[in-house]
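Read the figures in this text as sums done on the coordinates, not as results from a lab. Because the structure is predicted, anything quoted here is derived from the model rather than measured. All Cβ positions, even for glycine, are placed from backbone atoms using ideal geometry, and neighbour counts span all protein chains on display.
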Amino acid sequence: MATQISAEISESTRELLENFTRNSGMKKGFLIEQAVLDYIRALEQLPSDILIPVKIVLSKDSAARVVRHLKRPPRPTSRLRRLMSNGH
Amino acid sequence: MAINIRLLSDRDDRSRFSSGNVELDRFFRQYAGQNQFRHHIGSTYVAANDDSGEILGFITVAPAHIDELPKDLRRKLPLYPLPVLRLARLAVSETRQGQGLGKALLRFVFELALKLSSEYGCIGVLVDAKKDAEPFYHQYGFYRLEVTQGRSGARPFGTSLFLPIDTIRQAAKKK
């Protein structure tokens, strides 16, 4: 017997879900159930400290800094220049 | 001795690798293989002696994304998350520490990020750095980010550091 759940997710994840189900023809409920099962199976096989989280959410200040640097990246340090030019 | 940086293979002998850091060694010996070959949740590259095959260092990377940017910051950005390359682990064998291998592995990560950026999209490299490794990354321009969700679970907890891809690109430009 099926049951219903409700969950808050980010706008971007919702958009990803909508696009994927629209393009693949897969039902949302089926996709969500499979994803949850796969995720829990993976967690059961690996200790949590081994998993590498895919989604990163930043504090407002850190997010602002990243966005600012998309437009105006900081200049490379001399160490970085040396590393990329001759490997030292 | 020629050293080659390449993807971890299931034929590599990981059992003898020792960096002196118990957690990094445990990860490499027990989980790097299943992360890569079974679960496909991260890729490990090894620096190996071409002749003997001995593993001298490794990095583990995975694609990740920065999500849920505040609306006022999003104005001129697309709705989807911002892709980054996450450097989850970097270790060098005790016998090779202090000889520049960590730098070579880091440079490899930068080259990987540049390739990702041109082929799929990548706005920078995010490192989960152990406390004692922070100064190493700071000298290349990495700065701290405050991560509220999606911190690495690796123990002891480290710091998230970031370097924008265009800074790396500028450094890689030939004069």
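Looking only at segment B:154-175, count every residue that is touching a Ser or Thr at 6+ places or on another chain (Cβ under 7 Å) and surrounded by 22 or more Cβ atoms within 10 Å (Cβ to Cβ) and tell me the total.
Adding up the residues that qualify gives 1.
Can you pull out every residue in segment B:6-43 that is part of a strand (DSSP E or B) and free of Cβ contacts under 8 Å to residues at least 40 places away in the same chain?
B:LEU7, B:SER43
Could you pull out the residue among B:ARG151, B:ARG86 that is basic (Lys, Arg), surrounded by 21 or more Cβ atoms within 10 Å (Cβ to Cβ), within 8 Å of chain A (Cβ to nearest Cβ) and closer than 23 Å to B:ASP25 by Cβ?
The unique qualifying residue is B:ARG86.
When you look at B:ALA133, is it buried (at least 17 other Cβ atoms within 10 Å of the Cβ), over 15 Å from B:HIS65 (Cβ atoms), of a type outside the set (Lys, Arg) and within 7 Å of another protein chain (Cβ to nearest Cβ), yes or no?
no
This table checks each residue for (1) more than 14 Å from the chain's Cα centre (by Cα); (2) within 9 Å of chain A (Cβ to nearest Cβ); (3) surrounded by 15 or more Cβ atoms within 10 Å (Cβ to Cβ); (4) within 19 Å of A:ALA64 (Cβ to Cβ).
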residue: B:GLY53; (1), (2), (3), (4): yes, no, no, no
residue: B:PRO78; (1), (2), (3), (4): yes, no, no, yes
residue: B:LEU82; (1), (2), (3), (4): yes, yes, yes, yes
residue: B:GLN99; (1), (2), (3), (4): yes, no, no, no
residue: B:CYS122; (1), (2), (3), (4): no, no, yes, no
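Residues that are among the aliphatic types (A, V, I, L, M) and within 7 Å of chain B (Cβ to nearest Cβ): list the helices (runs of 4 or more DSSP H) wholly contained in segment A:9-88 that include at least 1 such residues.
In segment A:9-88, the matching helices (runs of 4 or more DSSP H) lie at A:28-45, A:60-71, A:78-86.
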